[in-house]
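Reviewing the structure listed below.
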Amino acid sequence: MESLASQARPAAVLWLAGFLQAARLHRVVSFCASSRALSIRIAQCFLLNGLIFLGSLLTLKSVVIPALLWILPEQCNQMGGQHLCDHKAAIAIYSFLRSGLVEIFYVFWFYPLYVFSFILSTLWYNDIAKHALDVVKRKSLDSTRALNAHNITEPEGQPEGFDRVALGIGEQVYSILLLTIFFVEVSVIGYVPYFGKAMNFLLLSLMYAYYCFEYKWNFFAVSLNKRLEFFESNWAFFAGFGAPCVLPIFFFSPLTSYGLMAILYPLFVLTAAGTQAEQLIDEMKPAHGGKLQRIPVFFVAKRLTTQVLQLFPVVQKEE
């Protein structure tokens, strides 16, 4: 209990610091003012996911469904003729037709739009992060100053040429597989009784925070081992940073929450690009008076990822 109490203060301080960093959405204005290409991508995200996707949902719920209820009423007293009330099958047929027409609307509009939005938004998020980090790098005096500002050092003995490309591809494959397994893990935990929802919220916050900062870590060539070590050592900060991004999941329907998150996510990518997390965490150590213990957030995902990769044969390099 004493050990748990000693961790409560640093965890709370760092969680709040991460939350406040995520809430600094004024950085979005600064980034957009510095890059026209970035402003266009942000506007496109709002147009696709806000006006078109969420607008379609609003149209369905406020126009299409009420119109169907007026044309095909669900109660007997709303029908035009009393003779229809004498036939119980009429109400059942009307209900079937309403449900069928709404499902057609989903199958031929919302689900294709969802897939199209997901693919296109994923490409745009990469562009948004790249343009934002170009701004960060451009505002520094030189590339060395930019790396130092983010507490990133170039590793010694780093492979060059083809070996470096192969290492980069290998890390990307491992990272994608790791995060996919972690997402499945988070989803399963959400069904655990009593504390499942709370754990689901915490782990989703961590997952989205990692997504937001991964663009910057990739841009500055931070190794996978170093980013995982830093992330797990400062889990409370990243849990606070990711919390605002996942809140819509718990208050809206799945499609509505997707539309809202598709709008909010690029904004948090920009706030992550402008956050010097390493420097900020170091500066806050005197405030909480203790060192936060590392939690192996990705322990299960890393073990399963390793097991999956061991299923594939290793190609030995010829001398």
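Among the listed residues Ala209, Ala198, which satisfies the condition of being over 21 Å from Ala273 (Cβ atoms) and out of contact with any Pro (no Cβ under 8 Å at 6 or more places or on another chain)?
Numbers: Ala209 fails: over 21 Å from Ala273 (Cβ atoms).
After applying the criteria, what remains is Ala198.
Arg41 - would you say it is surrounded by 15 or more Cβ atoms within 10 Å (Cβ to Cβ) and either in contact with a helix residue (DSSP H, G or I) (Cβ under 8 Å, 6 or more places away or on another chain) or closer than 25 Å to Pro266 by Cβ (or both)?
On the way: surrounded by 15 or more Cβ atoms within 10 Å (Cβ to Cβ): yes; either in contact with a helix residue (DSSP H, G or I) (Cβ under 8 Å, 6 or more places away or on another chain) or closer than 25 Å to Pro266 by Cβ (or both): yes.
Here the answer is yes, as Arg41 does meet what is asked.
Could you check segment 281-301 and list, in sequence order, the residues that are part of a helix (DSSP H, G or I), at pLDDT 90 or above and out of contact with any Ser or Thr (no Cβ under 9 Å at 6 or more places or on another chain)? First the steps, then the outcome.
Applying the first criterion (part of a helix (DSSP H, G or I)) to segment 281-301 yields 281-283, 285-288, 299-301.
Imposing the further condition that a residue be at pLDDT 90 or above reduces the set to 299-301.
Correct list: Phe299, Val300.
Are there helices (runs of 4 or more DSSP H) fully within segment 62-153 with at least 2 residues that are modelled with pLDDT of 80 or more and surrounded by 12 or more Cβ atoms within 10 Å (Cβ to Cβ)? List them.
Numbers: elements: 65-71, 82-85, 88-105, 111-139, 143-149.
Ranges flagged: 65-71, 88-105, 111-139.
Starting from segment 224-238, take each residue that is at negative phi and open to solvent by less than 50 Å² (accessible area, probe 1.4 Å) and list its partners that are basic (Lys, Arg) and in a helix (DSSP H, G or I), counting only C-beta distances under 9 angstrom and pairs at least six apart or across chains.
Leu228/Lys302
The values are calculated or read from the model by the stated rules, or taken from the named source; none is laboratory data. The model shown is predicted, which means the values in this text are computed figures rather than measured ones. Positions of Cβ are backbone-derived with ideal geometry, glycine not excepted, and every protein chain shown enters the neighbour counts. Just the protein is used for accessible areas: all its heavy atoms, side chains included, with ligands, DNA and RNA removed. Shrake-Rupley method; radii C 1.70, N 1.55, O 1.52, S 1.80 Å.
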